[in-house]
Every structure is written in C-alpha cells, then in structure tokens.
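All remarks here apply to the structure that follows.
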Amino acid sequence: MKILKYMPLAAVLASSATITSCNKKLEEYNPSGSTSDAVWSTPAGFLTAVNAAYYETRSWYGKEDGTILSEGGTDIWFSSAKAPYAKEIIKYEAFTAAQGTNNNAWKSIWKGINQCNAGINRIDQAGFTDPVEKNTRLAELRFLRAFYYYHIVETWGGVALRTTETDGALLTAKRSTPEEFYDVMIGDLEFAKDNLPNKWGADYSRATKKGALGLLARVYLARGYYSGDANSWFTKASNTAQEVINRKAEFEVDLWASYADMWKPANNKRNKEALFILSNSATNTQSSYDGNASRMHMFYMSQYTSRPGMARDVANGREDDRKFMPTRYLLSLYQDADSRYEGSFKEVWICNKAYTWDGPTALLYGKDSTVFKNTVMRVGDTALVVTKNIVAPAIKASKPYVLLDRYDIYSPANDTILPKFANTYVQLNKFVDPNRTNADQRQGYNDIFPIRLAEMYLIAAEAEFKLGNNGAAATYLNVLRTRAAKPGQTAAMQCSASDITMKYILEERAREMCGEFQRWFDLKRTLKGNNGGTWVSYIKDANPDIMAIQGFHMLRPVPLNELSGLTNRDEFGQNNGY
C-alpha cells in the first residue's frame, strides 16, 4: 500500500493562500526526509505541517474526482448527454479496481491523512511553550484527520486505519472495522471542538469550533447506522446539531433569509451559512490546489452554445467540461411553492449573439418554417428556455426562441433521458463563477462549503426520526421549508409528523443540498437494508438510466495498485464484488 509521506514542496507552496485570506500570503515549507524533524522543531516551523494538512481537502472538493464520487451513481444525477465518461461510477458499468477516478481520490485522501498523522505524532517535539497554542494546532490536525477518514470509511469501508505516519511503501496492511474508524474520528472531533477557536479573523478557512461540531454531528449520525447502541448515537447527533443551531449567534453564522442568497456570487466569500470553508483566491491564481482552484462552475453546465442566439461568455459559463445533468426525479421533487428550485437551477438563457432563423432550424424545434424563416433574434431577447414542466406543442411552436420541455429531455414512458436534446437541460446554477477573467477559463475562484448550517437542521431531523420523534423531525425541516417558501406560500410548505419518512427526509436533503458533495453518502448511510438491495431499488426506481448497479457497489473498490503492493494482499482482501 503506497501512502506518500508529504506534499511535494512546490504544491505546498502553491497552496498557501487557500487557508488564509485572499490578500494574505502565508509562507509555507513542508519538508520531507530528515529535514522535517529540524523544521518542525519550533512552533513557527510546525505551522507549515499544519498548513500542509489542509492541502488535500481541495483534491476532493471543487475537483472532478470528488464530485463524481460524491454525487455520481445516485438518484438525482446522470451523465450529461448520456456520455460514457466515468461510466464505472456514474452508471456502475464495468467498475473495477483499476478505475482512475476512484484511484486518484484514494491516493489524495491518504496523503492528507498521512500529513495529519505526521503532525499529530510530532507535535510534542515542536517546542510549544503555550499549551493553548499547542492544543489549537493539534485540534486542527485532528479535525482534518477525521474529515479525511470520514471520506475513506464511507467510500471504501473498513480498510486500513492508521494513526501514525508512514514513509514509503507499506508491504502489509490490516483491515479495521467501520466502528473502529468512527472511534478515532469521534475522539478527534471531540478534542477539536474543545480546543479550536470560534474564528480566525483573516484566516477564515481554517477549522473552527463550529466546523468541528458540524462534522461531529454528521459523524454521530453516520455512526448510528452501524452496530452498537444506535439510539445513543442518534441522540448525540441531534444534540450536537442543536448545539450548533443554538450557538449560531456566538459562532456568527445564520441561514440566509432567502435560499437564493446562499448562492449569489456576491455572498460567496465568508458566506455566513458556512461552518467550514475551503477558500480560493482570484488575486493569487497559483494559491489553490494544482493551480486550478475550484472547477465546480463547469461540472453541472448545460450546453447552451449549441442553441440559436447563444455564444460562450463568462456570465453563462464554460460548458465543455460538463459532467452531470439532473434526473427527472430530482426536478420532480420541487413543488411550485418552493423557491429552492429557482434558487438552485437555471431555465432561461438570454441571447448574446444575434441570430436569424432559417427554415431547417425552425423545423428542428417544432416551429413553422414559413413563419420563422428570416426572423431575427436580437441580443437581449430570450434565446433558450428549458423547463421541467410540460408545455403544449402549439405554445412551443409559437415562441421566437428555443423552448424545450420535460418530454423533450425525458421519456414520458419511463423518465429515461432522450438522446435528441440530452446535452441541453435544466442547469444546476449554484456554482456559477462570474469572476473568471475569460470565458474559456477552467480555473474558478469560488469558495466551497463542505459543511453549512442548513445541514444541522437536516441532521437533527433525521436523528429525531430515527429516535421515533417525528414531530421534532418535522419542526427542524420546517425551518428550512419556511426559509424556502415563496411569498404567501409558507403554509403550503409546512410538513407534519405524518409526512416524515426516510424517503421524505432524503427528498428534503435533495431539495436543499443537491450537488453539494452529499448525495452518495446520504443514500449509502440510510439505505443499508437487504444487503444493499434497498439501495439498489431506490436508485433504479429514481434513475432508470442506471441499470448495472448491484448491492456490492455501496463500497468502491480498493485500488488495484494498492493491493498489488501488499505481501498479504489475499489476507487483506478486496471489497466484495470486485
């Protein structure tokens, strides 16, 4: 098992501003080999070890691999245009231990864990004289180790659990149970919540007390689905989520009054709903992981440039690297009274390139070519509308723009995706980045929020449901549903105790958090029954384009090159089914 010891020097130097404010440069040096003992022997030198431990958080969040592993292969997304890219994960077709996305993520997360272990193991030799400062730095490392290990155990299951640093290739490995992983994570996070500060000032993307409590609530909830006293874990999950909610004024966090405000680019930096932030810099373009910062602005794009009157520009975004389109099921979850639909998705594109209709193009979109031929679409006119609703053919034919409705994109018979217009669809718009300097730029500058306050209400609701307290669960969900209600629709948006089922909670999580690196973990956590059969049925029913899924896919395979390097590979074993 090959676990790299530390980040490459150039990469760590480039990451410096990602854990500080965009205008503050923090000098980092992350040594490898014998020099690390010398450099990390002072508090100032040891800070480079802590800073480097944040680095691999950005390998998952804001990048392709983590997005595909977190949201792909679920009920709410499918491959844009039904493309074969990453079909092993998104469609479960021929998924083997050699698959690249899976392998890349494994390597990156293990680098992060090993960096944390290196710091945790060496902090007593770092020369700290102030116990508060020492415990604060240790708390950062333990928060990050728990953060990384959550992704390991929930993606690959009970693999090797390591709490000491490693140097070079490991020739043997021993599996640990998920419960043993959670014991370490919970211990780390309980220490972190007691020793992290409420805030850092300019360094706003460092771990804080609110972030530790938020992650601890998530971890307690997930732990309740494994063996042991489930009720005690669900009680702890609810209590910890409630603690964050009750202390939101102290932590200077709150829900935005409008759901759409959460995703406005103007509110991205220091977003008041975020409990943990991964910052990216527009002023220091080399400051973020691999120099690309966040690429999230591309992954959920619709191909608007293939439609009349549209050309690529910064405002509408770069669509070449699109990965996901919504399933019909996801779009069906939003009732008309719910503003989260408009706050999350884009249906209308405005003409940015004058266009004159021709006969064949008019016919393609169901229009009378004799009426529309030579009609001019001007800049500023509506060019494209894609709606989740059903529109009468006569209305579509009458509009001087392209209008695609539900049945242009999804089959009326079974909700599978139709090929004709499969590259143009309702677009998730949460991650748009108008601050890029040109339309072709892949590098994005938005901050990312792996944990936010709304999740605490969802965690408390799910935990209370598992404890049999449906009324309390409804109360927590109604906080989010009231925030989401359109004017005059608050009453229509309220749920009651009789509405609360696991299916309803999963639906509410989709409405609130689609695209936010949660869906895979939500389904895996809650649908463990029948040896994975419950999970399989749920996903296939909601996403009929996924046909190859099996119960063993609830865990991803241990990468082949990791197993090949073990002398006890047969004893360690591959995850079932691969």
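Some values worked out for this structure:
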{"item": "Estimated FRET transfer efficiency (A202, A439; beta-carbon r; R0 22 Å; 0.05)", "result": "0.10"}
{"item": "Relative contact order of the range 401-506, defined on C-alpha pairs under 8 angstrom at six or more residues apart (%)", "result": "16 percent"}
{"item": "The chain, dipole about Cα centre (Lys/Arg Cβ +1, Asp/Glu Cβ -1), debye to the nearest 20", "result": "920 debye"}
{"item": "Total lysine pairs under 19 Å (Cα atoms) in the range 300-428, excluding pairs fewer than 8 apart on one chain", "result": "16"}
{"item": "DSSP H segments from the chain that extend 27 Å or more along their own axis, Cα-based, with Kyte-Doolittle mean of -1.0 or above", "result": "100-122, 131-156"}
{"item": "For D203, D336, order by how many other beta-carbon atoms lie within 10 Å, fewest first", "result": "D336, D203"}
{"item": "The chain - mean residue ellipticity at 222 nm from DSSP helices (-39,500 (n - 2.57) per run, n ≥ 4, rounded to 500)", "result": "-12000 deg cm²/dmol"}
{"item": "Assigned charges on the beta-carbon of Lys, Arg, Asp, Glu; the range 160-313 dipole about Cα centre (debye)", "result": "500 debye"}
{"item": "Net charge contributed by nearby residues that have their C-beta within less than 11 Å of T361 (K/R +1, D/E -1)", "result": "+2"}
{"item": "12 Å Cα-Cα reach of K87 towards aspartates and glutamates, excluding residues that sit fewer than 8 places from it in its own chain", "result": "D545"}
{"item": "Cut-off of 10 Å, at most 16 other beta carbons, DSSP loop: longest stretch of the chain lacking such GluC sites (Glu not before Pro)", "result": "253-578"}
{"item": "Shape box of the range 412-545 [Cα atoms, principal axes, largest first, Å]", "result": "52, 34, 30"}
{"item": "Convex hull of Cα atoms in the range 208-309, direction-averaged projection (nm²)", "result": "10.9 nm²"}
{"item": "Pairs of lysine residues in the range 423-578 - Cα separation under 22 Å, sequence separation of 8 or more or cross-chain", "result": "9"}
{"item": "Whichever lysines have a C-alpha closer than 22 Å to that of K134, once near sequence neighbours (fewer than 8 apart) are set aside", "result": "K193, K199, K209, K210"}
{"item": "Rg ratio (alpha-carbon, reference 2.2 N^0.38 Å) - the range 300-428", "result": "1.05"}
{"item": "Net charge of Cβ neighbours under 13 Å - reference R481; Lys, Arg +1; Asp, Glu -1", "result": "0"}
{"item": "Stokes-Einstein D in µm²/s, Kirkwood radius over Cα pairs - the chain at 4 °C with 1.567 mPa s viscosity", "result": "52 µm²/s"}
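Every read-out reported here was derived from the displayed coordinates using simple, explicitly stated rules and does not represent laboratory data. All values reported here derive from a predicted model rather than from experimental measurement. Methodologically, a virtual Cβ is constructed for each residue, glycine included, from the backbone with ideal geometry; neighbour enumeration extends over all protein chains shown.
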